[in-house]
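The values are calculated or read from the model by the stated rules, or taken from the named source; none is laboratory data. All values reported here derive from a predicted model rather than from experimental measurement. Counting neighbours? That spans all protein chains shown, and the Cβs are built from the backbone with ideal geometry, glycine included.
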Amino acid sequence: MKLAIGVVLALIFAGIGVYYLIPGIPHILVSNAATSTQMQLKHVLAAFVVAAVCLVGGIFAHNGDKAQAGSR
């Protein structure tokens with residue numbers, strides 16, 4: 001179950017990263033209105049890093065559940 005949550009969160013944040021990669025559309029959460037339609041590299045990197053952390057966290061949580069189930 002924890003793996004599924006990690007994968008879903010990773011997909012959501014990867015989608016957010018792709019959204020900020022697309023130039024020419026207004027991006028939310030951008031402090032400068034003049035650059036809101038340009039690619040936001042910092043937002044892209046942050047979203048992909050969070051996606052990777054969610055995925056790795058879900059994998060570790062899943063492996064921890066297996067280890068606890070085997071020790072019973």
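What number of residues within the range 39-59 are loosely packed, with under 13 Cβ neighbours inside 10 Å and modelled with pLDDT under 90?
2
Give the number of residues within the range 6-38 that are aliphatic (A, V, I, L, M), in contact with a Ser or Thr (Cβ under 7 Å, 6 or more places away or on another chain) and surrounded by 15 or more Cβ atoms within 10 Å (Cβ to Cβ). Give the derivation first.
Start the filter on the range 6-38 by keeping residues that are aliphatic (A, V, I, L, M), which leaves 7-12, 14, 16, 18, 21-22, 25, 28-30, 33-34.
Those left that are additionally in contact with a Ser or Thr (Cβ under 7 Å, 6 or more places away or on another chain): 25, 30.
From what is left, the residues that are surrounded by 15 or more Cβ atoms within 10 Å (Cβ to Cβ) are 30.
Of the residues in that region, 1 qualify.
Could you go through the range 3-26 and let me know if any residue there is part of a loop (DSSP other than H, G, I, E, B), in contact with a helix residue (DSSP H, G or I) (Cβ under 9 Å, 6 or more places away or on another chain) and of a type in the set (Val, Ile, Thr).
yes
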